[in-house]
Amino acid sequence: MGLIKGLKCRECGREYEIEPIYVCEFCFGPLEVIYNYDEIKKVLTRAAIKSRTRNLWRYRELLPVESDHGIAGDTGCTPLVKADNLARAIGLRELYIKDDTVAHPTLSFKDRVVAVALAKAKEFGFDTVSCASTGNLAHSVSAQGARAGFKRYIFIPASLEHSKIIASLVYEPNLIAVDGNYDEVNRLCSEVANKYNWAFVNINIRPFYAEGSKTHGYEIIEQLGWRAPDNVIVPCASGSLLTKIWKSFKEMKEIGLIDSLDTKVFAAQATGCSPIVAAIKKGIDVIKPVKPDTIAKSLAIGNPADGFYATRVIQETGGFGADVSDPEIIDAIKLLAKTEGVFAETAGGVTLASTIKLIKDGYIDKDSLTVICITGNGLKTQEALAGQTSEPHYIKPNLTSFEEILKKIKDHS
Ligand SMILES: *Cc1c(COP(=O)(O)O)cnc(C)c1O
Ligand SMILES: [Zn+2]
């Protein structure tokens with residue numbers, strides 16, 4: 001499987017063997033998986049990828065596991081939808097939706113990272129998996145962890161959407177609802193991780209977990225016919241997905257699967273939690289933590305672990321960022337639904353609304369090829385739309401009653 005060299009500190013460059021560790025002993029910098037690209041180049045050709053099963057393991061040489069351990073055969077290879085109706089509505093020539101709302105076991109992109117994390121947890125010999133979650137991670141670890149036979153301790157902010165709590169509980173994990181926001185949950189989990197020998201997917205095995213996000217990027221390139229887009233707009237919580245999409249594009253170039261790479265990477269956040277976009281707008285890479293207050297709960301991380309690296313990617317690629325209000329998020333969810341038939345969760349509304357702003361403000365060229373990352377299904381955050389849609393037409397069970405209503409509908413349109 002993965003042709004891995006080891007772990008490397010992103011700050012001081014010191015290298016480590018593959019172990020369940022995540023910070024450098026010397027400078028406390030985060031560790032990242034490094035690969036042997038010269039060897040990968042020889043085996044991971046376009047033809048090899050095309051010949052493989054349609055799931056995320058088709059890019060296995062670029063993932064940090066020795067085997068898939070039977071996990072997540074149903075994850076990855078989500079659609080890349082050519083969104084002509086939406087393109088027309090927002091004034092773009094060529095627009096694609098990378099649609100992670102479907103074709104994943106728990107209907108969000110988190111199934112990608114969890115697939116890799118659980119396979120790695122098996123290799124390390126853990127019997128218990130755990131996470132600090134803004135919602136989708138809880139759902140995915142609960143579900144995929146159940147099938148893979150792990151004990152599961154899932155930590156969430158108690159204020160999460162009810163639908164996400166139920167969606168996790170049905171798999172019977174130990175769900176710990178903490179009276180605090182995500183950043184407080186995460187701090188608690190760091191303490192728990194130090195004391196208990198569990199695989200915290202986004203803490204002690206984070207370097208491996210995070211690599212799973214790269215498959216979202218590889219798929220964009222493969223589905224575009226082996227080319228990178230001019231622009232990609234990515235919703236940011238910790239900023240990890242954004243940095244890994246960029247890493248995936250660079251790797252495709254490095255191993256020769258694309259000829260050129262000139263993509264601008266853009267960050268999308270809710271105004272009620274926009275520490276990364278705030279830094280980008282100021283032109284700095286220092287992230288000032290905030291207290292989240294937004295309906296986009298899956299993105300509500302006030303102190304983003306990869307915020308610094310996300311701002312660097314955006315500066316390096318010539319991208320930018322936008323933040324949007326709760327009403328803008330809801331309008332964008334509805335626009336995506338009525339133009340393309342895609343029902344996204346609040347994070348998807350953030351991405352589309354931010355894209356619209358970036359076009360208006362001239363950061364995205366109307367004639368360029370743009371991909372927006374839609375990362376979670378709207379059925380998971382229905383509460384956000386309560387009272388925000390039209391009402392059904394209520395009638396009696398007879399034709400007269402129907403035709404009265406039909407006349408009203410027609411008179412209105
Ligand atoms: C977690 C999440 C993200 C972004 O996560 P990062 O922490 O920035 O990698 C985006 N969309 C959805 C729906 C998520 O659940
Ligand atoms: Zn270091």
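A few remarks follow.
- Distribution of pairwise C-alpha distances over the chain, 10 Å bins, in %: 5, 23, 33, 25, 9, 3, 1, 0
- Computed helical MRE - 222 nm, the chain, DSSP H runs ≥ 4 contributing -39500 (n - 2.57), nearest 500: -12000 deg cm²/dmol
- Taking the C-alpha atoms only, the angle from helix 240-254 to the longest principal axis of the chain is near 70 degrees.
- Solvent-accessible surface ranking, highest first, for Val170, Val324 at 1.4 angstrom: Val170, Val324
- A simple charge model with +1 on the Cβ of Lys and Arg, -1 on the Cβ of Asp and Glu and nothing else charged puts the dipole of the chain at about 460 debye relative to its Cα centre.
- As a size descriptor, the averaged projected area of the C-alpha convex hull of segment 289-413 was calculated at 10.8 nm².
- Restriction of the chymotrypsin sites (Phe, Trp or Tyr not before Pro) in segment 347-413 to DSSP coil positions whose beta-carbon has at most 16 other beta-carbons within 10 angstrom yields Tyr394.
- For the chain, averaging the sequence separation of C-alpha pairs within contact (under 8 Å, six or more residues apart) and dividing by the residue count gives a relative contact order of 15 percent.
- All-pairs alpha carbon distance profile, segment 172-292, 10 Å steps from 0, percent: 11, 32, 32, 19, 5, 0
- Accessible surface of segment 280-393, 1.4 Å probe: 52 percent of it comes from carbon and sulfur atoms.
- A straight line joining the Cα centroids of segment 193-236 and segment 96-139 runs 10 Å.
- The residue among Ser368, Tyr153, Phe249 whose Cα reaches farthest toward the positive pole of the charge dipole of the chain, with charges on the beta-carbon of Lys, Arg, Asp and Glu, is Ser368.
- Charging the Cβ of each Asp and Glu at -1 and of each Lys and Arg at +1, and nothing else, the dipole of segment 267-410 about its Cα centre rounds to 220 debye.
- For the residues Phe320, Phe109, Phe266, a GNM of the chain with alpha-carbon springs under 10 Å puts the largest fluctuation on Phe320.
- Between the helical axis of 214-223 and the longest alpha-carbon principal axis of the chain there is an angle of about 60 degrees.
- Remark: segment 237-294 projects, on average over all directions, an area of 4.6 nm² (convex hull of Cα atoms).
- Low-density loop cleavage sites - trypsin sites (Lys or Arg not before Pro) in segment 15-113, where at most 14 other Cβ are within 10 Å (DSSP): Arg52, Arg54, Arg93
- Alpha carbon Rg of segment 263-346, scaled by the compact-globule rule 2.2 N^0.38 Å: 1.14
- Sites Glu19 and Thr389 - FRET efficiency at Förster radius 45 Å, r taken between beta-carbons, to 0.05: 0.35
- Taking amide H as placed 1.01 Å from N in the peptide plane, the amide H of Ile258 sits under 5 Å from that of Lys253, each at least 5 places away or on another chain.
- For q = 0.16, 0.18, 0.19, 0.22 Å⁻¹, Debye-computed log10 I/I(0) when each Cα of segment 148-194 counts as one equal scatterer: -0.46, -0.57, -0.63, -0.81
- Residue with peak Gaussian network fluctuation, the chain [Cα springs, cutoff 10 Å], from Ser163, Ser260, Ser51: Ser51
- In the chain, the longest principal axis of the Cα atoms and the axis of helix 326-340 are about 80 degrees apart.
The values are calculated or read from the model by the stated rules, or taken from the named source; none is laboratory data. Here the structure is a predicted model, which means the values were calculated and not measured. Cβ coordinates were reconstructed from backbone atoms using ideal geometry, including for glycine residues, and neighbour counts include every protein chain displayed. Accessible surface areas use protein heavy atoms only, side chains included; no ligands, DNA or RNA. Shrake-Rupley method; radii C 1.70, N 1.55, O 1.52, S 1.80 Å.
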